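K.L.:
Pasting in a structure now, in structure tokens, and then I'll have a few things to ask.
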Amino acid sequence: MGALKRAARYLARKPGKAALLVVVVFATSLAVMASVGIIEGARDLSHAIKEGSRPSVAVYREDGELLPFVVAGDLSNRDDVASANRTGQVDAFPASFSSIEAAVPDPGWDDAVRIHALDDLSQGSPFEDQLLRLAEGRLVGPGDEGCVLLHSDLAEANGIRVGDTVRFRTALGAEAEAEVVGLFVAAGGNEGDQSLATARTQSFNQVYADCATAISLGMEGFDEVRLAPADPDGAGALADAVEADRNAGLAADVLSSAYEKVAPALDSTVGSALAVLALTASVSVAAVSSILALWGRSRVHERAVLLSLGASRKDVLAQAGLEAFFVAALANAASSVVAALALPPLLAAVLPQQAAQPEVPLAAVVAAGCGAVLATVAASVAVAAATTARNPVELFTERS
């Protein structure tokens, strides 16, 4: 009878022992898979955030005056700048719709809306800071012209939908037309519950638009220009160079990147998961080895008989390995399914909330499962080798 058939018959004859080992391997391998999944998920997320974000340099006038268009253009065209995000604002009257009555009136401009202009609303805006969130449509992005976002309540009050066209006019009679590309709401709470400074800066009458639209409505300059350095590690040097080159009352502040904001939390998560992984791996090896050692001692007589009947020591070791493989494979198949289902909510719970959740690292989970199977097989073979190392007659006599 071959080792494979003997292994199958032994497991069928000892279902209780097999079930016990399945439960132990399932529990330990699931803990290992969860730890590995968290570690790899945090590392993948860290790498993705680091690749997709970099510190920026905020440039503005020290005296609080607006940055002239020429100065903003010179800053944007520097060789050490990868991209620029200009910000400004202008007040205008809605020509094709009506503003909402604000919580705090502003005499003389009660019917106006405040247009906040940015080249890219995903960077350096209330949307990035999660003070506002997109309810429908998309944000204004680089290269857009004639695009605006309206508060969802303002749009609803005027029957405006994404894709509609709205018009604005200034006190001097200039007009501009723009497409509504998105609607937004406050990320939490109601604007009316906040302590408002003016009717338009913190009310439903906010409008976010591209810079070209705001300029056509009379915006005279930019409040700030945020520069993304060409070298991700060169933000400090860029800030120093801007202040030194212009020497015209400009100030430059280095702003932290998204990676720097979440890096401490990611590092803490990885460190905790590594500690859990080390502890789990140690407990797993100890638990599985202890059970297999007990099995091995109880099977000294059985293996001595097999050796006496002519079975080779290689066959005995192969049988032990096959028994462990069947049990560990079943346990790890079950734990892999559970891990795949449990890891998404687990990653969402332990990773920083302000970071986008990564995909479940299935490759790492499968690798951890394979490692658990191999470790179980190796431990079983080692125990069998230790219990059959002597002459079968001596083993049989000792057990008898």
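The values are calculated or read from the model by the stated rules, or taken from the named source; none is laboratory data. The structure displayed is predicted, hence computed values, not measured ones. Methodologically, a virtual Cβ is constructed for each residue, glycine included, from the backbone with ideal geometry; neighbour enumeration extends over all protein chains shown. Accessible surface areas use protein heavy atoms only, side chains included; no ligands, DNA or RNA. Shrake-Rupley method; radii C 1.70, N 1.55, O 1.52, S 1.80 Å.
K.L.:
Would you tally the residues in region 75-85 being open to solvent by 70 Å² or more (accessible area, probe 1.4 Å) and in contact (Cβ under 8 Å) with a residue 40 or more places away in the chain?
P.N.:
Of the residues in region 75-85, the ones open to solvent by 70 Å² or more (accessible area, probe 1.4 Å) are 77, 79.
Pick out the ones that are also in contact (Cβ under 8 Å) with a residue 40 or more places away in the chain and you get 79.
Qualifying residue count, region 75-85: 1.
K.L.:
Still on this structure, I have one more. Take the residues of region 86-111 that are among the hydrophobic types (A, V, I, L, M, F, W, C) and at pLDDT below 85: which is surrounded by the most Cβ atoms within 10 Å (Cβ to Cβ)?
P.N.:
First, pick out the residues of region 86-111 that are among the hydrophobic types (A, V, I, L, M, F, W, C): 90, 92-93, 95, 97, 100, 102-104, 109.
If we keep only those that are at pLDDT below 85 as well, we get 100, 102-104, 109.
Details: ILE100: 16, ALA102: 21, ALA103: 15, VAL104: 13, TRP109: 19.
The extreme case among them is ALA102.
K.L.:
Need the failing condition index for THR387 against (1) at pLDDT below 75; (2) within 30 Å of GLN130 (Cβ to Cβ); (3) open to solvent by 20 Å² or more (accessible area, probe 1.4 Å), just the number.
P.N.:
Exception for THR387: condition (2).
Here is a yes/no grid of residues against (1) within 15 Å of GLY182 (Cβ to Cβ); (2) open to solvent by 60 Å² or more (accessible area, probe 1.4 Å); (3) of a type in the set (D, E, K, R); (4) touching a residue at least 12 places away in the same chain (Cβ under 8 Å):
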{"position": "HIS116", "(1), (2), (3), (4)": "yes, no, no, yes"}
{"position": "GLY124", "(1), (2), (3), (4)": "no, no, no, yes"}
{"position": "PHE127", "(1), (2), (3), (4)": "yes, no, no, yes"}
{"position": "LEU132", "(1), (2), (3), (4)": "yes, no, no, yes"}
{"position": "GLY137", "(1), (2), (3), (4)": "yes, no, no, yes"}
{"position": "VAL140", "(1), (2), (3), (4)": "yes, no, no, yes"}
{"position": "GLY143", "(1), (2), (3), (4)": "no, yes, no, no"}
{"position": "LEU149", "(1), (2), (3), (4)": "yes, no, no, yes"}
{"position": "SER152", "(1), (2), (3), (4)": "yes, no, no, yes"}
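K.L.:
Residues ALA258, ALA209, ALA241: which one is modelled with pLDDT under 75 and of a type outside the set (D, E, K, R)?
P.N.:
Details: ALA209 fails: modelled with pLDDT under 75; ALA241 fails: modelled with pLDDT under 75.
It is ALA258.
K.L.:
Among (1) among the aliphatic types (A, V, I, L, M); (2) more than 16 Å from ALA27 (Cβ to Cβ); (3) open to solvent by less than 40 Å² (accessible area, probe 1.4 Å), where does VAL327 come up short?
P.N.:
(2)
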